[in-house]
Amino acid sequence: MKKYDVAAYVWPAYTGDEMRARIFWPEGIGEWQSVKNAEPKGDYVWGRKPLWGYVNEADPYVMEMEIGAAVDHGVNVFIYDWYWYDGRPFLENCLNDGFLKAKNREKMKFYLMWANHDANTLWDKRNSRYGTTVWSGKVTREQFETIGKRWIEKYFSDPGYYRIDNKPVLSIYDMSNFITGLGGIDEARSALEWLNGEAARSGLGGVHFQAVKWGDGALNVSGVDGSENRAPFKTVIDALPIDSFTNYQFVHFTDVNRDYEKIVPDVLKEWENDSKLKKTYFPHVSIGWDNNPRYTFFKEKITKNNPPEEFEKLLRAARDYMDSHGVGLVTINSWNEWTETSYLEPDNINGYGYLEAIKRTFAQIN
């Protein structure tokens, strides 16, 4: 039995198989288009290239290779960003056609993070400066029930789906969008209770609900856009049947425009503060931040001096936190967030360095 579960987020946009994605990336290779075409901006040069090439991550043969590399280095869970826009799923191909059809998929688990944020032109480099909304991430109760039934039938029931306390885990990225779309905090609670009951009736024991924490800012709990009726994150998750929470990226709660070692104290403080809340906190480690590949102009916010050695120090701190707080899961940003420069996949600059850091910290112990 593994002592530590190491879960990396997966951004499922590195494929051309989703036709709707071509409004953002018309070349037909998904967001590899932005990676491949990242250009110098004055003295700034991004210069990253994937050692595995611009592969189609909705191809099961590609995913067999990636699963093998992940497991060999201690990553044993993939958290797939899962989207629903305009009444239908978006970017499911990487999970459905890649991971779930890989012959060696039994080597690792997976679960969903419902990425229910609005989709905007950030993904379209030609128009990223405008941030115009393309699709809303909010859903009504009727839509939520359609989505929930899809989760249960296609994913939660899968023997490879990740469980905590023998319940399938569902992570929710944008709690404000979730609550507002449903119509308020009471309606959001009712929706989660419905999904938990549906999963229990399907023989799954219910659902382990995991929230993503962005910071300590207050969340809209009214169900009305622009409402001043807000509550702190702690109050919100206490009012809902949330079982645990974690983070998605350091950029959500601290200034990342500095050296990695200067970010670390803020991260440690975040972990310790979150450990005092009533709900279980799973520590999170990000690799860095630089989303210049998504823009035609220079974006100053960049994490500096974050080689694998610095990442490994924080991984070891996360392991110590897990040991001292009795939790067995750490989340990593990410497996493949190339356009945010926070990825484990090997590149021309650090090779397999970040994966090797995980291997030294977790795989050898497991």
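Among the conditions (1) farther than 16 Å from Asn177 by Cα; (2) touching a helix residue (DSSP H, G or I) at 6+ places or on another chain (Cβ under 9 Å); (3) exposed (fewer than 13 other Cβ atoms within 10 Å of the Cβ), the only one that Gly215 does not satisfy is (1). The set of residues in region 94-104 being assigned to a helix (DSSP H, G or I) and of a type in the set (S, T, N, Q) consists of Asn96 alone. Scanning region 19-38 for residues that are among the charged types (D, E, K, R) and touching a residue at least 24 places away in the same chain (Cβ under 8 Å), we see that the one that is surrounded by the fewest Cβ atoms within 10 Å (Cβ to Cβ) is Arg20.
For region 105-118, the count of residues that are farther than 27 Å from Leu329 by Cβ and part of a loop (DSSP other than H, G, I, E, B) is at least one. Only one entry of Asp259, Asp290, Asp274, Asp266 meets the criterion of being free of Cβ contacts under 8 Å to residues at least 24 places away in the same chain and not aromatic (Phe, Trp, Tyr), and that entry is Asp266.
Of all residues in region 52-77, exactly one satisfies the criterion of being at positive phi and surrounded by 22 or more Cβ atoms within 10 Å (Cβ to Cβ), namely Gly74. Total residues in region 192-204 satisfying the condition of being surrounded by fewer than 22 Cβ atoms within 10 Å (Cβ to Cβ) and in contact (Cβ under 8 Å) with a residue 40 or more places away in the chain: the figure is 7.
You will find that of Asn127, Asn104, Asn96, the residue that is within 20 Å of the chain's Cα centre (by Cα) and polar (S, T, N, Q) is Asn96 and no other. What number of residues within region 68-91 satisfy the criterion of being in a loop (DSSP other than H, G, I, E, B) and charged (D, E, K, R)? So the count comes out to 1. Of the residues making up region 356-366, those that are under 14 Å from Met108 (Cβ atoms) and touching a Leu at 6+ places or on another chain (Cβ under 8 Å) are Ile358, Phe362. Listed here are the helices (runs of 4 or more DSSP H) enclosed by region 166-285 that have at least 1 residues being of a type in the set (D, E, K, R) and modelled with pLDDT of 95 or more: 185-201, 233-239, 260-275.
The values are calculated or read from the model by the stated rules, or taken from the named source; none is laboratory data. Please read all numbers here as calculations on a predicted model, not as lab measurements. Using ideal geometry, Cβ is built from the backbone for each residue, glycine included, and neighbour counts are taken over all protein chains shown.
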